[in-house]
Amino acid sequence: MKLKIGIMGSASGKLSKPHIKLAYEIGCAIAENDCITITGACPGFPLEAARGAKSKGGLVVGISPALSEKEHLERYHSPTAYHDVLIFTGSGLMGREVVNIRSSDIVIIMGGHSGTLGEFSIAYDEGNLIGVLQGTNGIASQIKNIVKVINKKTGAKVMYDSHPRILVEKLIAYYLRWHYKRPDVHSL
C-alpha cells in the first residue's frame, strides 16, 4: 500500500515566493516517491504541495472542513484544484485536523500558524513520524523548542531538513525501516 504524507502549513498570510517554491517541491518529491499527498484542502502551502504532486502525476487527497463542495468553496473559500479526492468532514477547521493527521502515515510541517500548531500537537501526541521543513518560518521554526517544552514520550519521531526532497526521502526511509513497527496508540 502507498504511504500517505500529509502537508500541514500556512494556508494564509504573506507567503514568500521562495517558500511557495519549497511547498511545490515537497509535493513533487512526495509524488516522485510514489506516495499519496494529503492536505487540509486549503490554500497556501498545502495547495502548492498539491500542485507540485499533480505536476508529477501524484494522487492528492484533501480533507475538507466543509460538509459539501458548495460549503468548501463558499464558506471556507478553499480550492478544489489539484485534488483528486476531497473528503468532506463537516467538522470545521479544528475538527478536520484529527482526520487530516490520522489519514497520514507521515506528517510534514512547514511554516504555519495556530492551525498548524494544532496539527503538530495531534501528530506528536499520537506518535506519528513528523518532518519539519526548516527555513519556512512560522510554527515550523519553533518545533524544536516546543518538543523540549512538551517533554513527553509518545512514540513520535521528529526529523528536520531544509531541503524538500531530502526531507521526504529521509522520512520514507525511516518509516519503512522503523516507524511502521510502532504500536498503535489506539489499542493501548
- Collect the residues in region 118-139 that are under 29 Å from residue 1 (Cα atoms) and among the aliphatic types (A, V, I, L, M), keeping them in residue-number order. 122, 123, 129, 130, 132, 133
- Query: Scanning region 1-11 for residues that are part of a loop (DSSP other than H, G, I, E, B) and in contact with a helix residue (DSSP H, G or I) (Cβ under 9 Å, 6 or more places away or on another chain), which turns out modelled with the highest pLDDT?
  - Reply: 3
- Going through (1) over 21 Å from residue 11 (Cα atoms); (2) buried (at least 16 other Cβ atoms within 10 Å of the Cβ); (3) aromatic (Phe, Trp, Tyr) one by one, residue 180 fails only at (2)
- Query: Looking at (1) touching a Pro at 6+ places or on another chain (Cβ under 8 Å); (2) open to solvent by less than 20 Å² (accessible area, probe 1.4 Å); (3) part of a helix (DSSP H, G or I), can you tell me which one residue 95 breaks?
  - Reply: (2)
- Query: Looking at 135, 112, which is the one that is touching a residue at least 60 places away in the same chain (Cβ under 8 Å), in a loop (DSSP other than H, G, I, E, B) and buried (at least 17 other Cβ atoms within 10 Å of the Cβ)?
  - Reply: 112
- Query: Which pairs do you get when a residue that is farther than 17 Å from residue 11 by Cα and assigned to a helix (DSSP H, G or I), found in region 21-39, comes within reach of a residue that is open to solvent by less than 10 Å² (accessible area, probe 1.4 Å) and hydroxyl-bearing (Ser, Thr, Tyr), reach meaning Cβ atoms under 8 angstrom, with the pair 6+ apart or on two chains?
  - Reply: 30/37; 31/37
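Would you check if residue 22 is open to solvent by less than 50 Å² (accessible area, probe 1.4 Å), farther than 24 Å from residue 175 by Cα and touching a helix residue (DSSP H, G or I) at 6+ places or on another chain (Cβ under 9 Å)?
Values: open to solvent by less than 50 Å² (accessible area, probe 1.4 Å): yes; farther than 24 Å from residue 175 by Cα: no; touching a helix residue (DSSP H, G or I) at 6+ places or on another chain (Cβ under 9 Å): yes.
Judged against the criteria, residue 22 is not a match.
The values are calculated or read from the model by the stated rules, or taken from the named source; none is laboratory data. Computed from a predicted structure; not experimentally measured. In this analysis, Cβ positions are derived from the backbone assuming ideal geometry, glycine residues included, and neighbour counts consider all displayed protein chains. The area values use the complete protein model at the heavy-atom level, side chains included, leaving out ligands, DNA and RNA. Shrake-Rupley method; radii C 1.70, N 1.55, O 1.52, S 1.80 Å.
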